[in-house]
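The values are calculated or read from the model by the stated rules, or taken from the named source; none is laboratory data. Not measured: the values here are computed from a predicted model. For neighbour counting, all protein chains shown are included, and Cβ atoms are generated from backbone atoms with ideal geometry for every residue, glycine included. Please note that ligands, DNA and RNA were not included when accessible areas were found on the heavy atoms of the full protein model with its side chains. Shrake-Rupley method; radii C 1.70, N 1.55, O 1.52, S 1.80 Å.
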Amino acid sequence: MSSVQLDAPAKINLHLEVLGLRPDGFHELAMVMQTIDLTDQLTFERLPEGELRLSLESSAGPLPLDGDNLILRAAEALRRDAGRPELGAAIHLRKRIPIGAGLAGGSSDAAAALLGLSRLWNLSPSTAVLERLAAAIGSDVPFCLQGGTQLCFGRGERLEPLPDLPPMGVLLLKDPQVSVSTPWAYRLCREQLGGGYGSGEQSFEPRRGALRQRVRGSVPWLSGDAPLALCNDLQRVVAPAVPSVRSGLERLATAPGLRALAMSGSGPTLFGLFDDPEAARRAADGLAATTTTAGLQTWVSSFRGASSPIAAAAP
Ligand code: C5P
């Protein structure tokens, strides 16, 4: 194949519970992640003699294009695993997902690179190999390979798929000048909430079971008329430390038609859930004056199902 084009969608966390610390220093998590319809786009073309080249067209700010970039790390890992160092590619990234935002944009780009380059280079890595490579690149990359709605345990890489949810509308809110470092957010969490951390499987497994029961219960999760309380333990420590998260939460809470709101991942992006994308659009319009004054940017999106996690982009 001479050229491949893929969309790489963002995610939000419908639930993020920090259970404790693991022996490897990562946090043990219980999460529900949801793919949304805000995408980057990646194009892959073959290059000779092992050259890997990455170019960027970004409406989301600058990004390192060197070996630290998760796309290049994915490309290196894939060809190393296949024992094919001579494989080369020119990769063009059209970046729309905000960077350092808690939306897994970089992780989704890496997942798209694993899939797109496998196709471009005619490699057929097994699902197990792709999952192993993904988990080595970052905690959210395995979810981004699968997409849809998933329970995510471990450091985020142990996935249990959930049925697709109705396509709720999502209003994202973020100060374009502010990003949050994930290690910083987890460090803060450990400092402030570490006293309440559980330790070991005897404490983790009952909490996983409680989350499974809640989201797989007979009363459909995220449906009904009652307001929904979403949990993000990182929001408890990031919101007090980041003024734009606090002011964004206050503004979002006033949106008409809002069903629930929370911070996504380690932030600082906030999201509000609405019955459908049209309701999210109306809420964005209604909040426009106050969000503009506060320097906050908004995006309207919707839930995306598992059938199209990383879909071939339209030509
Ligand atoms: O895996 P990823 O590269 O996304 O993780 C970035 C950092 O976030 C880790 O180095 C760690 O400090 C923190 N982290 C954590 N527990 C997790 C995921 C991430 O402590 N489950």
Once the mean of 1/r over all distinct C-alpha pairs in the range 3-164 is inverted, the Kirkwood radius in Å reads 16.0
Given the options 55, 118, 179, which has the most mean-square fluctuation in a GNM of the chain, springs set between C-alpha atoms less than 10 angstrom apart? 55
Measuring from the longest principal axis of the C-alpha atoms of the chain, the long axis of helix 243-252 (C-alpha) lies at a number of degrees, nearest 10, equal to 70
What do you get for the angle between helix 277-293 and the principal long axis of the chain? Use alpha-carbon atoms, 0 to 90 degrees, nearest ten. 80
Please compute the net charge surrounding residue 11, taking Lys and Arg as +1 and Asp and Glu as -1 over other residues with Cβ under 12 Å from its Cβ. -1
Quick one: which of 89-99, 198-208 comes out on top by average Cβ neighbours within 10 Å, and what's the full order, highest first? 89-99, 198-208
Can you list residues from other chains, or at least 5 along the same chain, whose modelled amide H is less than 5 Å from the amide H of residue 162? 149, 150, 151
Can you give me the angle between helix 105-120 and the longest principal axis of the chain, using Cα atoms only, in degrees from 0 to 90, rounded to the nearest 10? 30
How much of the accessible area of the range 87-206, in percent, comes from carbon and sulfur atoms when a 1.4 Å probe is used? 52
Over the chain, what is the mean sequence separation of C-alpha contacts under 8 Å (at least six apart), divided by residue count, expressed as relative contact order in percent? 25
Per residue, how many Å² of accessible area does the chain show with a 1.4 Å probe? 43
The answer for residue 15, listing residues at least 5 apart or on another chain whose modeled amide H is closer than 5 Å to its amide H, is 32
